[in-house]
Structures are given as structure tokens and as C-alpha cells.
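> Below: one structure in C-alpha cells.
The values are calculated or read from the model by the stated rules, or taken from the named source; none is laboratory data. Please read all numbers here as calculations on a predicted model, not as lab measurements. Neighbour counts are summed over all protein chains in view; Cβ atoms, including those assigned to glycine, are modelled from backbone coordinates with ideal geometry. These accessible areas exclude ligands, DNA and RNA; they are computed on the full protein's heavy atoms, side chains included. Shrake-Rupley method; radii C 1.70, N 1.55, O 1.52, S 1.80 Å.
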Amino acid sequence: MAHWQSTHLREALTSFLPQRLLTRLGTEAGVGRRRRKVRVHALFWTLVLGFGAGRERTLAGLRRAYERATRVTLAPSAFYDRFTPQLARFLRAVAVQLLDRVAEPTRRLKGPLAAFRDVVAADATVIRLHDLLERAFKACRTNHTLAALKLHTVISVLGRGPRSVKITAERVHDGPVLRVGKWVEGRLLLFDLAYFRFQLFSCIRRNGGYFIVRLKKSADPMVVALHRRWRGRAVPMLGRRVSEFLDRLQREVIDVEVEVNVRRRAYAGVHHTDRERFRLVGVRDPATGEHHLYLTNIPPEKLSAEDIAQTYAARWIVELYFRELKRRYRIDDMPTSKRHIVEALVWAALITFVVSRELLAWLRRKLGQRGDRVPEERWAGLFAEVAGDLLRLVLAASEVAVLLAGPLEVTLLHEAVDPNASRALLLRRIESRSQFQHRVALGRTHP
């Protein structure tokens with residue numbers, strides 16, 4: 001029985017990252033060209049699972065995690081010398097392999113969102129760095145630090161991880177970093193205001209995709225058509241800009257067609273401007289009385305104005321992703337002034353996130369019907385607590401792994417399940433029917 005447990009738990013961690021794959025990618029990146037005391041396979045898993053050693057993520061803490069897991073004592077220089085540009089390229093290559101694996105949604109959308117292949121959120125977060133990295137990662141002028149990087153992420157609401165990640169300096173604007181192509185076809189993209197560019201939205205539509213974004217305050221489009229009409233003496237909107245009527249509206253919902261100027265790329269030194277139409281919807285916030293305005297290209301027959309406002313709330317998934325990286329996997333702990341070490345630690349944290357999600361998927365399958373009672377945030381905390389034990393399990397000899405796996409698997413199966421299932425059901429009954437349907441359609445099974 002113990003051997004059965006060991007095989008399954010160990011394989012859940014290593015089956016999608018077998019040692020032969022890590023060896024090949026390491027050789028291609030130039031990591032394993034010379035045989036040294038520090039093994040590439042053990043170093044990789046130490047970077048991925050050793051983040052919890054100590055109060056902060058440090059190179060010394062990673063070295064101690066390596067020594068505990070491998071039972072090999074190292075001179076500090078023997079460990080630190082392995083942090084090379086080749087190691088950063090190796091970890092990036094592994095991360096790219098994993099992102100291709102987890103990018104696609106694991107289940108189909110339901111309800112009003114069934115018409116879309118996937119719902120995707122794009123956002124970025126900032127990580128502060130040592131001031132000596134100012135030349136490589138220049139921070140914004142408004143910050144109190146000289147150096148900071150920005151992690152740009154596109155993540156599927158229904159997938160197990162991000163579909164693309166890019167690292168830039170903080171001063172690089174979010175919008176131009178996102179590359180739109182045929183991959184957006186049939187997908188719904190959710191943006192914050194940092195991505196507000198009419199050229200981007202036009203490109204998404206030309207490639208068969210859809211988008212929702214909050215309307216920027218500086219944008220003041222002209223209303224050219226109405227999707228809803230009201231009886232009586234309604235405030236006139238047709239032929240007027242949004243700023244001319246918004247403060248006078250009393251209605252709960254706005255649903256109109258607007259026209260904007262889209263500036264095209266320069267050809268032969270000349271910029272051309274086209275006029276395009278998008279849909280503008282607004283839903284009144286009952287707390288403030290103000291309208292939340294959204295720009296989109298989704299036709300009314302696909303999603304109502306209320307549906308669009310509720311769907312946009314799915315952007316919470318990318319916020320949880322960044323919070324998990326920082327709070328649990330310490331991606332913003334950067335104890336170095338060397339660029340290649342910063343990049344190595346960033347890619348290692350991203351791999352940690354994907355490994356965590358893969359193990360969560362395995363755990364939910366093991367739990368069967370109770371698998372729905374394992375929220376992502378609860379799992380992230382548990383995974384961070386047992387990461388050191390998982391590291392020892394991965395690197396242990398077969399006979400030792402048999403002894404480690406049984407109790408560890410029992411802990412995971414027991415502690416991951418949310419004991420407050422009745423409370424969750426009560427909260428779901430309190431929610432309105434439409435809100436609950438949307439949360440289920442977006443894969444949010446827990447309040």
C-alpha cells in the first residue's frame with residue numbers, strides 16, 4: 001500500500017517534468033556541460049519547492065533546503081556559482097514547456113458564456129529590485145526605488161495557469177506588450193485600464209476575438225445607436241458624447257453603440273485614422289449611484305449589459321494569481337543585484353505556481369466528489385506549508401520515498417478539503433440566481 005501511495009504522489013509531482021526532460025533542456029541551455037557536485041535535477045526542484053526555507057526567499061535559504069533534501073553539504077560558493085545566465089535560460093525553457101501544457105481551459109464554459117472558447121484576463125504586477133539593476137529594469141519616476149520589473153501575464157479563467165508571461169522594466173507600458181493574433185479567435189479577453197487602446201481592441205475584433213474593458217475617463221466617445229429604448233422623457237443620448245448626459249441619467253442600465261477614432265500604424269511615414277464602432281454598456285452601482293461603464297465588441301444577443309458587468313468581475317482570477325505568487329511563493333523576494341539571478345528566481349516562482357496547480361488537479365481527482373471543496377487559496381497555503389516535505393520526497397531514494405509519501409498524502413487529502421461546506425451552500429442560497437449562475441459558468445465554485 002505504501003509503494004502504491006509513493007508512486008502516485010511522486011508521479012503527480014514529476015510525471016509532467018520527468019528527469020530526462022529536465023536533463024535535455026539543461027543541456028540545451030548549457031547548464032549541465034560540466035559535472036559538478038550540485039546536480040541540475042536537484043537544483044531545479046530546490047528552486048521550485050525550496051522557497052519556504054526561512055522567513056524570506058534567499059540564496060542561503062535555498063542552499064540549506066538543497067542540503068536537507070539531498071543530504072549533501074556544500075561550500076556556499078559551490079551552490080552560488082550555479083546561478084548563471086545559462087540557469088536562467090534553462091528555467092525559462094522549462095516554464096515555456098509548462099505554459100503550453102496548462103494554457104488551455106480544463107472544462108467548457110456554461111450558461112451565457114458557452115458561446116466563447118475561453119475567458120482570458122491580462123494584467124501585470126510590479127516587483128521591486130536592487131537599485132543596482134536600474135539600467136536593466138528602470139522603475140517609474142513616481143516610485144521610491146530606482147529598479148523594478150513588471151511581470152505581464154495572460155491567464156485563462158478556466159485553465160491551470162498562465163498562457164503567456166513576459167518580463168520587462170516597470171516603465172514599459174502594458175498595452176504594447178500584449179501580442180494579438182489568431183489565438184484570440186473565439187476567446188473573451190478582460191482588460192484593466194492599462195491596456196486601453198482602440199488599436200488593440202480593433203485588432204482583437206479583426207482576429208475574431210472579444211474584449212471587455214472599463215471605459216477610460218479621458219475617452220469620450222459619440223453615441224451613434226441605441227440598443228435599449230426607454231419610455232417617457234428619457235435623457236437624449238443619440239448624437240451626444242458620454243460626458244454630455246452621464247451625470248443626468250437615472251436609469252439603471254446603459255446600452256448603446258459608440259463611434260471612436262482608431263489610429264493605424266504608420267505606412268511610408270503617414271498615419272491613417274479610421275472610424276470604428278464599439279458597444280458601450282453601463283450598470284449603476286447601488287452603493288455609490290454612479291454608472292460603471294464598459295467598452296466591448298460583444299453583441300447584445302450574446303451577452304446583456306448586466307451579463308457584461310458580471311463577467312468583467314472574473315478579472316479577480318489574475319489578482320489571485322499575483323497574490324499567490326507574492327504571498328505564498330515569495331516572487332517579490334529578490335535578494336540579488338544580478339539580472340540573471342532575478343530572472344531565474346522569477347521563472348522558478350512561475351514554475352512553482354504551475355506545479356502547485358498540477359498537484360491540485362491530481363488531488364481533486366483523488367478526492368472525487370469532495371474535490372469541489374478544495375478552494376485554490378486554501379490549497380496554496382497548504383502547498384506552501386508542505387513544499388519542503390515535497391522537495392525531500394522528490395529527491396529521496398526510492399526506499400525512503402516509500403516512507404515519506406504515505407503520511408504526506410494523508411495530510412494533503414485531509415487538510416485540503418474546506419470544512420465549511422455548509423457555510424458555502426448558505427452563501428450561495430443568499431446570492432441571486434443570475435449571479436450564482438455566472439460564478440459557476442466562470443468556474444468559481446467557492447464564494
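> Could you order Thr27, Thr411, Thr125, Thr142 by accessible surface area, starting with the largest, using a probe radius of 1.4 Å?
Of Thr27, Thr411, Thr125, Thr142, the descending order of accessible area is Thr142, Thr27, Thr411, Thr125.
> Between Arg240 and residues 5 or more places away or on another chain, which pairs have amide H atoms under 5 Å apart, with H built 1.01 Å from N, and which residues are they?
For Arg240, whose amide H was placed from the backbone, the distant partners under 5 Å are Val223.
> Checking understanding here: applying a Kyte-Doolittle mean of at least 0.0 and a length along the axis of at least 30 Å (C-alpha), which whole DSSP H helices in the chain pass?
Counting only whole DSSP H runs, the qualifying helices are 339-367.
> Related question: With a point put 7 Å past each Cα toward its Cβ, work out how far Arg107 is from Asp220 in nm, to one decimal.
For the pair Arg107/Asp220, the computed spacing is 4.7 nm.
> Additional query: What relative contact order, as a whole-number percentage, does the chain give when Cα pairs under 8 Å and 6 or more residues apart are counted?
Relative contact order of the chain: 20 percent.
> Name the residue from Gly209, His144, Val253 whose Cα lies farthest towards the positive end of the charge dipole of the chain, charges +1 on Cβ of Lys and Arg and -1 on Cβ of Asp and Glu.
So the residue furthest toward the plus end is Gly209.
> Give me the Debye-computed log₁₀ of I(q)/I(0) at q = 0.07, 0.09, 0.12 Å⁻¹ for the chain, equal point scatterers on Cα only, no solvent, two decimals.
-0.43, -0.68, -1.09
> Please give the net charge around Ala136, taking every other residue with its beta carbon less than 13 angstrom from that of Ala136, where Lys and Arg add +1 and Asp and Glu add -1.
Net of charged neighbours comes to +2.
> Residue farthest toward the positive end of the dipole of the range 1-146, with Cβ of Lys/Arg at +1 and Asp/Glu at -1: which of Leu17, Leu59, His41?
Towards the positive end, the residue furthest out is His41.
> Can you give the FRET efficiency to the nearest 0.05 for Asn420 and Lys366, using r as the Cβ-Cβ distance and R₀ = 25 Å?
With a Förster radius of 25 Å, E is 0.75.
> OK, next. Can you tell me how much longer the chain between Trp316 and Phe16 gets when fully stretched, taken as 0.36 nm per residue apart minus their C-alpha distance, in nm with one decimal?
My answer for the length gained is 105.2 nm.
> What FRET efficiency comes out for the pair Glu28/Ala60, r = Cβ-Cβ distance, R0 = 45 Å, nearest 0.05?
Efficiency computed from Cβ-Cβ geometry: 0.95.
> What is the distance, in nm, between label points placed 7 Å from the Cα along the Cα-to-Cβ direction at His173 and at Leu238?
3.6 nm
> Please work out the average accessible area per residue across the chain, using the 1.4 Å probe convention, and give it in Å².
Per residue, the chain has 50 Å² of solvent-accessible surface.
> Semi-axes of the range 35-135's equivalent ellipsoid from the Cα gyration tensor, sqrt of 5 times each eigenvalue, largest first, rounded to whole Å?
Semi-axes from the Cα gyration tensor: 36, 18, 14 Å.
> May I pose another question? Report the calculated FRET efficiency for Glu259 and Glu185 (r = Cβ-Cβ distance, R0 = 22 Å), to the nearest 0.05.
Step by step, r from the Cβ atoms, then E = 0.30.
> Here is a follow-up. How many nm is it between the label spots at Ala397 and Leu132, if each spot is 7 Å from the Cα in line with the beta carbon?
Each label point lies 7 Å from its Cα, and together they span 4.1 nm.
> So, with +1 on the Cβ of K and R and -1 on the Cβ of D and E, and no other charges, what is the size of the charge dipole of the chain about its Cα centre, to the nearest 20 debye?
About 760 debye.
> Nothing charged except the Cβ atoms of Lys and Arg (+1) and of Asp and Glu (-1): what's the magnitude of the dipole of the range 163-251 about its Cα centre? Round to the nearest 20 debye.
Taking the Cα centre of the range 163-251 as origin, the dipole is about 360 debye.
> Here is a follow-up. Quick one: which residues, 5+ away or cross-chain, put their amide H under 5 Å from the amide H of Leu74? H built at 1.01 Å from N.
Close amide H contacts, sequence-distant or interchain: none at all.
> Amide H of Arg163 versus every other amide H placed in the peptide plane: which residues, excluding those fewer than 5 positions away on the same chain, fall under 5 Å?
Val154, Ile155, Ser156
> With an 8 Å cut-off on Cα pairs and a minimum separation of 6 or more residues, tell me the relative contact order of the range 114-235 in percent.
22 percent
> Now, a different point. Using the Karplus curve 6.51 cos²θ - 1.76 cosθ + 1.60 with θ = phi - 60°, work out ³J(HN,Hα) for each residue of the range 136-152 in order, rounded to whole Hz, and write x for Gly and Pro.
7, 9, 6, 7, 5, 5, 7, 8, 8, 10, 8, 10, 6, 9, 10, 9, 8
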